[in-house]
Structure formats: structure tokens, C-alpha cells
1. Kindly evaluate residue 31 against the criterion of being assigned by TED's automatic domain parsing to the domain that holds residue 58 and not in a helix (DSSP H, G or I).
2. Quick one: residue 51 ticks every box in (1) surrounded by 11 or more Cβ atoms within 10 Å (Cβ to Cβ); (2) at pLDDT 95 or above except a single one, so which number is it?
Amino acid sequence: MALSMRKHWYFIAPAAILGILLFGFIGGEIVKLLWNWLLPPLFGVREVTFWQAFGILALSRILFGRWGGNSMAGSTVRRRIDRRIDERLEQMTPEEREKFRQGVRGRCGFGPSTSTGPSTSESQGQ
């Protein structure tokens, strides 16, 4: 049984390495082709090489992507924050809830709610 598992890993390890290399090559080529097709005519930027495109792909994965797995620390933190906000909102009266929502809208740049605030023509004096 142990010998069988060892032979299994001798096949899986090279296949996994080959798959990672193939994914990197295909991803880099796709980024390079899309970049060189779209960005120079639209924005006048220079064309990129394969290695520059591979670097863009890696940077985008670091900044925006996931490196696998179903649970990330960020999503766990976000769920915990959402749960705490929901708990607090449930304990508030409807008036307190509306006051809280208006405060959030004001801090986030949305201004007052359209249902309780002045219309744009009234606020501009028209």
C-alpha cells in the first residue's frame, strides 16, 4: 500500500508542476495579447513583453485575486463585521436605524436620504 502511494506521488508532483507552469504561461500570454491589443490603441501606452505581462498577472492576483481555498481572512473578517452590524441594527428602534443610515450616507458621500432630505432643486434655490 505504501509503495502504491509513493508511485502515485511520483506521477502527481510532476503533473502539478507542469500544470502550474502551463497556467502561468497561458495566463501571461493572454494578458500580453489583451494588453497589446487594447491599451496601445486606446491609451497610447507601450506594448509589453511576456515577462511584463506575467508580472502584471502576478500583481493582479496579489492585489485582487485569491490564492485558493474557500476561506480567506478578509472574507471571515467581513462576515464578522456584517454580523455585528446586523445585531446592532436589530436592537435599534426604527428611528435610531434611520438616523444611523443617514449618518453612514453622509460619511460615505451619498448625502441625505431622498425620502427625508430636500430635493436638488430646493437645495440650489431654484
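1. On the way: assigned by TED's automatic domain parsing to the domain that holds residue 58: yes; not in a helix (DSSP H, G or I): no.
Spelling it out, it is not the case that residue 31 is assigned by TED's automatic domain parsing to the domain that holds residue 58 and not in a helix (DSSP H, G or I).
2. Only one criterion in (1) surrounded by 11 or more Cβ atoms within 10 Å (Cβ to Cβ); (2) at pLDDT 95 or above is unmet by residue 51, namely (1).
The values are calculated or read from the model by the stated rules, or taken from the named source; none is laboratory data. Keep in mind the model is a prediction, meaning the values are calculated, not measured. Cβ: placed from backbone, ideal geometry, glycine included. Neighbour counts: every protein chain shown.
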